[in-house]
1. Ordered by residue, what ³J(HN,Hα) values in Hz, to whole numbers, does the stretch B:182-191 give under the Karplus form 6.51 cos²θ - 1.76 cosθ + 1.60, where θ = phi - 60° and Gly and Pro are x?
2. Count the DSSP beta bridges whose two residues both fall in chain B, then state the antiparallel fraction as a percent rounded to the nearest 5.
3. In the Gaussian network model of chain A, springs joining C-alpha atoms below 10 Å, which of A:Glu36, A:Glu182, A:Glu104 carries the largest mean-square fluctuation?
4. Return the single residue from A:Ala223, A:Ala55, A:Ala136 with maximal mean-square fluctuation; model: Gaussian network over chain A, springs between Cα atoms under 10 Å.
5. Under unit Cβ charges (Lys, Arg +1; Asp, Glu -1), what dipole magnitude, rounded to 20 debye, does the stretch B:2-197 have relative to its Cα centre?
6. Over all residues in B:47-56, what is the mean tally of Cβ atoms on other chains that come within 10 Å of each residue's Cβ?
7. What relative contact order, as a whole-number percentage, does chain B give when Cα pairs under 8 Å and 6 or more residues apart are counted?
8. Restricting attention to the alpha-carbon atoms of chain B, what are Rg (one decimal) and Dmax (integer), both in Å?
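Readers should treat all values here as calculations from the given coordinates under stated rules, not as data from a laboratory. These numbers come from a predicted model, not from an experiment. Every residue, glycine as well, gets a Cβ built from its backbone with ideal geometry; the counts of neighbours run over all protein chains shown.
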Amino acid sequence: MAEVTGTGRVKRGMAEMLKGGVIMDVVNAEQAKIAEDAGAVAVMALERVPADIRAQGGVARMSDPDMIEKIQAAVSIPVMAKARIGHFVEARVLESLGVDYIDESEVLTPADYENHIDKFDFTVPFVCGATNLGEALRRINEGAAMIRSKGEAGTGDVSNAMQHMRKIGGEIRRLSSLREDELYVAAKELQAPYDLVKEVAQTGKLPVVLFTAGGIATPADAALMMSMGADGVFIGSGIFKSGNPAQRAAACVKATTFWDDPKVIADASRGLGEAMVGINVADLPAPHRLAERGW
Amino acid sequence: MKVGVLALQGDVREHINSLFDCGVEAVAVRRASEIQSVDALVLPGGESTTISQLSEVFGVYQLIKERIASGMPVYGSCAGMILLAEEILDAKVGQKSFGGLEIAVRRNAFGRQIDSFESDIEFADGSTDLMKAVFIRAPWVERVSDSVQILASVDSHPVAVRSKTALATSFHPELSGDDRIHRYFIEQVARPALEKVK
């Protein structure tokens, strides 16, 4: 009865268990407990939420292991953590801490501007960001077991998340409409491996779970993303940069479950206090746009 | 037979597909009226703390608990097993279960995600064929009462158990593309229980 760890099924399966849920960014054990109590399916442990990384600038890196371990000790739900794009040593460190998922994230400053991490080489599963289908399939080809649309983190502006979900969904629908002999050129155009392109064309969906992220700040934002076909939602700065994090977190969880019921979303949206102030993505100078990191 | 899959959070679609493969009508259920309308219920894999909390927030906790207590056939995988346990070990403070199975279940007993594994196990449904089982941050059963029968174990920890009307597995048959567990639930648990009621 051999027990095999780190298989594709176990890695992708873990993401399946998060579906219909909200994963929340937290920077300490206290926030992690608030997130767990609000019904989060997992927390993302990081040192600064994207809004602060944006405000403070500088190089953003993997979090302090002490801080991650404190969060692991504080909650019983899965704990994820971020490594820089291409920084396979940060990823090894996070794996050794026993985090449940690694986000190879454009929110941190990339360590390698050409290569991403070879994610097949790890037992711990990875989630990666994508702005379009080709990018998603390239990450899956490197071993990502879960994809999230990138959006523009730390803005509270949902427009980029919307754009990326429409783009990924639209490209999947287009593939499904092609003749089989047209998929070779489609693979070339998407800059993605033919086998994955063919699989998506046949099944009409990504081979892994697709969450959405970046700029989600309200229950209605979360429900909007679910309506666009997301399997679940990451909320970063939107919760703990708002007036009443505990209540807003619980409200976003409710709206994610009943994304198709406007009455539930209306109830969840009542009296939440101030949402994060936010920044319009259009006002961000191009070099400050995180979604453009990764390729 | 109409089987509901509790759709507050988790891998609902996979369970519905497995139930379809067994030839039964399967629907996602979230609201009280939907839960009332089914003959049997599946509690999917997911995050047990989230599912039990949402069941309270949306006012279906008591309904599910009562329907299970009154003998509605129910199957739970992983988080679903935790939700069926009378006692949860390593629970979040205040975490509630629906109950229905007289077992004590330890959450995340096999460890964190890096310890998640696949294994070929024996399952006591009369077949000697091994079954592919997928364990993800999986719980195990630590104690059972006399009303509970152990159907499978890993390293001497029970990972599949049943009573007259309830079935629970630590692993995820809905992920392995093998409908043996779902078929067992329909044919050996749900159908006999429902026929008795008639």
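1. Those phi angles translate into 5, 5, 4, 4, 5, 7, 9, 10, 5, 4 Hz.
2. 45 percent
3. Top of the fluctuation ranking is A:Glu182.
4. Its mean-square fluctuation being the largest, the pick is A:Ala55.
5. About 580 debye.
6. 6
7. Relative contact order comes out at 19 percent.
8. 15.1, 47
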